[in-house]
There are 2 protein chains.
Amino acid sequence: MKKRQILIVAAVLFTKLYSWSQLNSKVSENSKYVNPFIGTGSIDSLSLSGSNFPGAVFPFGFVQLSPDTDAEPEDPCSGYDYADNRIVGFSHTHLSGTGVADLFDFLFMPFKGEPKWYPYDSESEKGYSSIFDHKNEIATPGYYSVFLDDQKIKVELTATEHCGIHRYMSEGKEPFSLIIDLNHSLDKKRPYWSCKVIDAQIKIINNHIIEGYRTLTGWANLRKVYFRAEFSKAFNKTEIKSGNKIYLDEKIANHQNLKTIITFDNNEEPLVVKVGISSVSYEGAQENLKAEIKDFNFNEIRAKTENQWNKELSVIEIEGTEEQKKIFYTSLYHTFIHPNNIADVNGNYINSNGELRNSKEKKYYSTFSLWDTYRAEHPLLTIIQEKRSVDFINSMLDHYMEYGYLPIWQLWGKETYCMIGNHAIPVIVDAYHKKIPNIDYNLAYKAINASSTISHQNSAFNILEKYQYIPEDLESQSVSITLEIAYNDWCVAQMAKGLGYINDYTHFNNRSEFYQNLFDYNIGFFRAKDSIGNWIEPFSPLKYGGNGGYPYTEGNAWQYLWYVPQDIYSFMKMFGGEKQFADKLDDFFTLDAKPSDVNGNASGFIGQYAHGNEPSHHIAYLYDYAGQPWKSQYYTNRIVNDLYSSKPSGYSGNEDCGQMSAWYIFSSMGFYPVNPANNVYVFGSPQLNSAVIKLSKGKKFEIITHERSDENIYIQKILLNGKPYKKIYIKYQDIIIGGKIEFFMGSKPNRNMVNYDKPPLLSF
Amino acid sequence: MKKRQILIVAAVLFTKLYSWSQLNSKVSENSKYVNPFIGTGSIDSLSLSGSNFPGAVFPFGFVQLSPDTDAEPEDPCSGYDYADNRIVGFSHTHLSGTGVADLFDFLFMPFKGEPKWYPYDSESEKGYSSIFDHKNEIATPGYYSVFLDDQKIKVELTATEHCGIHRYMSEGKEPFSLIIDLNHSLDKKRPYWSCKVIDAQIKIINNHIIEGYRTLTGWANLRKVYFRAEFSKAFNKTEIKSGNKIYLDEKIANHQNLKTIITFDNNEEPLVVKVGISSVSYEGAQENLKAEIKDFNFNEIRAKTENQWNKELSVIEIEGTEEQKKIFYTSLYHTFIHPNNIADVNGNYINSNGELRNSKEKKYYSTFSLWDTYRAEHPLLTIIQEKRSVDFINSMLDHYMEYGYLPIWQLWGKETYCMIGNHAIPVIVDAYHKKIPNIDYNLAYKAINASSTISHQNSAFNILEKYQYIPEDLESQSVSITLEIAYNDWCVAQMAKGLGYINDYTHFNNRSEFYQNLFDYNIGFFRAKDSIGNWIEPFSPLKYGGNGGYPYTEGNAWQYLWYVPQDIYSFMKMFGGEKQFADKLDDFFTLDAKPSDVNGNASGFIGQYAHGNEPSHHIAYLYDYAGQPWKSQYYTNRIVNDLYSSKPSGYSGNEDCGQMSAWYIFSSMGFYPVNPANNVYVFGSPQLNSAVIKLSKGKKFEIITHERSDENIYIQKILLNGKPYKKIYIKYQDIIIGGKIEFFMGSKPNRNMVNYDKPPLLSF
């Protein structure tokens, strides 16, 4: 008995201690700074939407439950435009910040009055849509609510990793109905075969449960998605519209174009709907729902998800102005939305060939906007989401095993071939250089090698090898492709060298210099050649290309002039040296001329610099390499402060699945990965009073900025762990072991920095 | 030692006896009568193709390896037209006798000379196609060969259940190439979203093995098919065309439009290629190949498959003229092509929702052309393929479980909604009435009930219940749908009664009489009403409808006048009696008038009777019910002899997956199931000297015809098991227990048959 008493006392003590420790390790509540409306729309004719959505999402969650303001969402690609005042419904999947629209699965919309079927193709346009007012709208991490003025119904949304919950509170007790639209998509605006709902099913399981699926040839070809919706109250009437036929109280329908209306009589209590989503099967949707949402307790799920967000967002603690905190934590929030784990809770997923597979780790990440995110989003996540970064890469390797080469722009496991280059390569080589564990680097090398040798859309290696550049007459976007593949090749070469594949190293290192073959020394620009070797005329450095038909991708010759992150010092010599290079940068940042054909993707201008699109993102930092680091400080300060805000139009272009945000996070802390795979971060103008990055094993890296003010934008002095630091860069290893860097700021450029160590091309 | 000697002697004896018994039980070689060219084409401007293919197929096999004469096969739907003299290649899957084209998976074509890529969209048209001569062409069950005149290459094909084998023998030793076209389909002729290759992959595994898949939105929506091709010799060069890009010696390509050319240098030996096909996965294709074809022994597989055909075709042994044997056994052959088991050898299959499932029985049958085949093909197979009939029905029930209702016209597991009615119902109720074991009839009843209550495309039960007919203004093809569903409803009612569901019996029996609501007594025709109840004007009994937009489906009011197989005697009274009914039949068979809008499906005319399409198939037998059986004998004799031949144009319309053939088989034996679910077969004019149907447990049913000649087409006397038989029908039970029926024929109608027992509406 005595022994037992001791045990009880020990247990009580332990419990108390544990609670106390929990209390003290309580995560900070950074979610309160997050404003999901940032990036959701233009607020005047001069501002832009970041194509973000305001709805409810779990960190890296599969479900993004959010309002749509467009019955046929196309622009903004998030489905929601802050400038609109009409909501058409709430759908479960959205893309954050992309330039192409897709997803929008399963639109739910409540309404009052007799169910009516508006004429085919226009029902959501006005039919059940409702006016709303932003002052009746709330968005926080994991939660969204709005009052629908026309319907007099309050709608609240929250989400888990694979599920959404809706809560509908109606004013008055009259019956209300819910339309569930399985045909909500781009289908109608783009009535061609590559953007169609081509198969769908709806099943009324009983008066509490509805299931359905649809298959689309959208941006993601042959994407299939299932739902299972469970309702807290019985509905007493259903109508299904199947094509142009209407069926009352049927159990099942199969058609491409399906919608159902269900009606609830008893409205004294709010209606709660929990919806499980799966990309695999009905069983998957049901298992996801069962695993993540036990009952209809909306508030409990909301609190859990908010708590998870607070936990994730506490990975960096900052001090700064309220505005800075809003932008910073909203940016951090946006970097934690994609990629998504599309595997079900049981590990089942559908591979790129459309086949059922199972992941022991229950992880299959997708939505890799790599042309954007390899630049800063993935480099940021390797620091603050190392475990997930491993999962991302292992999912990419899975894709390679089935598809033959690594993802390019992969959505829900489907390759879209959007953009150019093969930028899974720098993501993998970055992890390799950072020695991130739990990745099979031999397999990874096979994958990057295959991705650099097997010719495929926008990657004509057969042509590249033959001509040592891409001739524009054989393959369009030739300058951008030649430059970006040269960078990829440098990455492959480094990993080949590291693993001892010397022939491969030589081959890819040589290929990484092919960019030189398109540099016109006479005019100081990269420009296109044809397959005979002649420069293509006429040439204008201002003229814009889009996504094909012109040598430059979503930009002009000015913006693509700077894309040699692997070999900046050699490149500089091609201009005649550091000074000439810096002078050209000056021209770039000051030349205001804009041709009439400015590409829609180019925005956020400072001269020819266009922060609204990714090709510009590293350029302000290039002065660090050219002996004028104060100009990197000047321009990065300008970009941070002029081209970001906490308004709905807070981004100067598409937010691009975290890339625009990751740029901000790095730059506001004072450094940026110009080459995203070389372990080097070069300095800009630190903005925050302090930032503390929490690292593994309780370590942390502190960034302290002294004397920072609107005028004091220039670095005067740097201390690393209390010691003077005379480099204009910091290595990954210096960050990851923990420590403290202090920047001392002033209003004048510190021209002594010309003597600081310049960034190396690779560091370990 | 002694004991051992005895054992050896016994073993030797046993072996000898076994061989002797094998010899004596050797199946007859009926495959020699089969001419797969019957039905493959018109031979002059007056004759028709049955839309059959001449290529190699295993009984009910998944693979139909056959030549295509059209680069974009659409008409004939089999891909091969006997009237053409140019072959574009050999593809692995074909439909036998359908009116809509699909499949044509993976076209292989050999050619000599340098690989050339003909301009996009026209390559097979002339490019690698070759002139051939029918005199260099052989087709037998399981084997096809042709000499390609342009290429000087002999091509031979044979097939197992899931695989095909090709053998190419080239004249001369110069290198030759093989193009494998993954884009061979209707794609180009029908460039709209519902007929596209939307995803494909090709993998060059090594220099002996190629794999690939493609997904199409064809007639079967979202059909996916894999292949694995293993070559007896190494190829030494590959080119892949991916869209409009050409890649040399690549390992993999992903695109909607894929083709590859492989080249062989060493041509002293013939090239043998074995190709496994799967609707599930690469692994499935490989397992199928491994299970069915061990090495590259073409002749062995050919012999095995021919042996299997001989075994299957021995189920009915006939005596008659050579012409009769050719038509009969080719017909039997055609009734054994569809449905097909689309499950892999391991039992994996893809269900109607596109999900992976496994069948313990390793069976998932598909390609149910039910509007055609419920009439005679399935009733024939319940007698001569009882085990497979069970599998068919169990596969249909699987479909119901996922899809909510039974297949209508199901292709590769996908519902096409082709045609009208729900004629899986009579197939199931036929099995129920025949007491075929190993079917869960409680589940089956649920399925037929659901299929008769859940409204779906062309089956608006909500409207039918409300108006007691289908109003043409609400749902087109209203007369045909009302009539055919009335028949389905009779079937449901009978099974409901049998299982004791009395309310259901009353409901469906009542609904089965709704046909009466569309009979216009003033003019003696079924005709359309609108939703107010008015006859729709103008009315012409000759005017044709197609598949929508008119009250009659692929026919006119004359042809649909006779569709009350469930209730013929009541129906007869609506004309005023037997005599008036028979008079109207006389008009039907003698009225030659043809409007200008004759539907393409109507052909094989005798008056308004059109044997080329199914609505007419039972009509010649209706005289049996009206006291003039000699007219059934007269007209069925005319149809058998005038509208069937052993020429390539041997059918008078689409052969329709065995239905036209099954009609011949029944009718040439002298009887036919007018109501395909009531266990009753009514007599026509038996044609064969004898027919012996082999039944289970060694039983057999013999049909002997005495004194049969071109003039002696009328039955004078009948003996059943030696005893006078005074009925103009025979019951299923009389056949299935085994026995012998003898028909004594003469040149004059036997008017005493007016006193024979008339066919009952249902028999057990």
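In angstrom, the C-alpha Rg and Dmax of the protein assembly as shown are 37.4, 125. The residues of the stretch B:34-313 expose on average 31 square angstrom of accessible surface per residue, using a 1.4 Å probe on protein heavy atoms. Taking the longest Cα principal axis of chain A as reference, the axis of helix A:322-335 is set at about 80 degrees.
What net charge is computed for the residues neighbouring A:I485, neighbours being all others with C-beta under 13 Å from the C-beta of A:I485, Lys and Arg scored +1, Asp and Glu -1?
On the way: positive: A:R511; negative: A:E465, A:E475, A:E484, A:D489, A:E513.
Spelling it out: positives minus negatives among the neighbours equals -4.
If the limit is 27 Å between Cα atoms, which of B:K32/B:K135; A:K360/B:K259; B:K434/B:K726 go over it?
Details: B:K32/B:K135 18 Å; A:K360/B:K259 36 Å; B:K434/B:K726 23 Å.
From B:K32/B:K135; A:K360/B:K259; B:K434/B:K726, over 27 Å: A:K360/B:K259.
With 0.36 nm allotted per residue and the present C-alpha distance subtracted, the B:Y569-B:H706 stretch has 46.1 nm of extension available.
Using a simple spin-label model with pseudo-atoms 7 Å out from Cα toward Cβ, B:K446 and A:S194 lie 4.4 nm apart. Each residue, B:I205 and A:D473, gets one label point 7 Å from its Cα in the Cβ direction; the gap between the two is 4.2 nm. The aspartates and glutamates whose alpha-carbon is closer than 12 Å to the alpha-carbon of A:K311, local same-chain residues fewer than 8 away aside, are A:E29. In the assembly of identical copies, B:L720 has its label point, taken 7 Å from Cα in the direction of the beta carbon, separated from the corresponding points by 10.3 nm (ascending, one decimal).
Mind pulling the angle between the C-alpha long axis of helix A:629-642 and the longest principal axis of chain A? Nearest 10 degrees, somewhere in 0 to 90. Rounded to the nearest ten degrees, it is 20. Along the axis of the charge dipole computed for the protein assembly as shown (Cβ charges of +1 for Lys and Arg, -1 for Asp and Glu, origin at the Cα centre), the listed residues B:A460, A:P471, A:M495 are led at the positive end by A:M495.
Take the Cα of B:H134, step 7 Å toward its Cβ, do the same at A:K311, and the gap between the two points is 7.7 nm.
Along the axis of the charge dipole computed for the stretch A:641-764 (Cβ charges of +1 for Lys and Arg, -1 for Asp and Glu, origin at the Cα centre), the listed residues A:I665, A:L688, A:Q716 are led at the positive end by A:Q716. For the stretch B:743-749, the Karplus equation 6.51 cos²θ - 1.76 cosθ + 1.60, evaluated at θ = phi - 60°, returns couplings of 10, 10, 9, x, 8, 10, x Hz by residue, with Gly and Pro reported as x.
Any of B:K723/B:K758; B:K203/B:K290; A:K274/A:K697; A:K435/A:K717; B:K647/B:K694; B:K196/B:K594 with alpha carbons more than 26 Å apart? Name them for me. The partial results should precede the final answer.
Values: B:K723/B:K758 18 Å; B:K203/B:K290 19 Å; A:K274/A:K697 37 Å; A:K435/A:K717 31 Å; B:K647/B:K694 28 Å; B:K196/B:K594 37 Å.
From the list (B:K723/B:K758; B:K203/B:K290; A:K274/A:K697; A:K435/A:K717; B:K647/B:K694; B:K196/B:K594), the Cα-Cα distance tops 26 Å for A:K274/A:K697; A:K435/A:K717; B:K647/B:K694; B:K196/B:K594.
Rounded to the nearest 20 debye, the dipole magnitude of the protein assembly as shown is 5080 debye, with +1 charges on Lys and Arg beta carbons, -1 on Asp and Glu beta carbons, and the Cα centre as origin.
A Cβ-based charge dipole, computed about the Cα centre of the stretch A:440-496 with Lys and Arg at +1 and Asp and Glu at -1, lands at about 180 debye. Where the centroid of each part is defined by its Cα atoms, how far is the stretch B:313-381 from the stretch B:64-94 in Å? Going from one Cα centre to the other spans 21 Å. For chain B, the relative contact order works out to 11 percent when only alpha carbon pairs closer than 8 Å and six or more residues apart are counted. The calculated FRET efficiency for the pair B:S531 and B:W117, based on their C-beta separation and a Förster distance of 56 Å, comes to about 0.45.
Let me have the 222 nm mean residue ellipticity of the protein assembly as shown computed from DSSP H runs of 4+ only, each contributing -39500 (n - 2.57), with the sum over all residues rounded to the nearest 500. Before the final figure, lay out the partial values.
Working: 36 runs with 415 residues, N = 1528.
Mean residue ellipticity, 222 nm, calculated: -8500 deg cm²/dmol.
Inter-chain Cβ neighbour count for B:247-259, averaged per residue, equals 4 (cutoff 10 Å, partner chain atoms only).
Can you tell me what the convex hull of the Cα atoms of the stretch A:623-740 projects to on average, as an area in nm²?
Working: hull surface 32.7 nm².
In nm², the orientation-averaged hull projection of the stretch A:623-740 is 8.2.
For the pair B:I737 and B:T506 in one chain, pulling the backbone fully straight at 0.36 nm per residue adds 79.9 nm over the alpha carbon distance. Take A:N236, push a point 7 Å out from Cα through the beta-carbon direction, and compare it with the same point in every other copy: 8.2 nm, smallest first.
Under unit Cβ charges (Lys, Arg +1; Asp, Glu -1), what dipole magnitude, rounded to 20 debye, does the stretch A:34-313 have relative to its Cα centre? If you can, show how the numbers build up before the last one.
Working: 30 positive and 40 negative charges, 110 e Å.
The calculation lands at about 520 debye.
Ranked from shortest, the separations from the 7 Å Cα-to-Cβ label point of B:S570 to its equivalents in the other copies are 9.1 nm.
Normalised Debye scattering of the stretch B:206-271 at q = 0.14, 0.15, 0.17, 0.23 Å⁻¹ gives log10 I(q)/I(0) of -0.51, -0.57, -0.70, -1.03, counting only Cα atoms as equal scatterers and leaving out solvent.
Fully extending the segment from A:F539 to A:E361 would add 58.9 nm, taking 0.36 nm per residue of separation and subtracting the current Cα-Cα distance. Counted over chain A with a bin width of 20 Å, the fraction of Cα pairs per bin, in whole percents, is 17, 49, 29, 5, 0.
In angstrom, the C-alpha Rg and Dmax of the stretch B:34-313 are 17.1, 51.
Remark: the stretch A:671-764 carries 42 Å² of accessible area per residue (probe radius 1.4 Å; ligands, DNA and RNA excluded). Going by alpha carbons, how many degrees (0 to 90, nearest 10) lie between the helix axis of B:478-499 and the longest principal axis of chain B? With rounding to tens, the tilt is 80 degrees.
Among B:485-497, B:576-588, B:73-85, what's the highest-first ranking by average C-beta atoms within 10 angstrom per residue?
The densest-packed peptide leads the list: B:485-497, B:73-85, B:576-588.
Projecting the Cα positions of A:F392, A:N297, A:H423 onto the charge dipole of the stretch A:289-423 (unit charges on Cβ atoms of Lys, Arg, Asp and Glu, taken about the Cα centre) puts A:N297 furthest along the positive direction.
The values are calculated or read from the model by the stated rules, or taken from the named source; none is laboratory data. Since we're looking at a predicted model, the values are computed, not measured. Please note: Cβ atoms are built from the backbone with ideal geometry, for glycine as well, and neighbour counts cover all protein chains shown. Heavy atoms of the whole protein, side chains included, go into the accessibility calculation; ligands, DNA and RNA do not. Shrake-Rupley method; radii C 1.70, N 1.55, O 1.52, S 1.80 Å.
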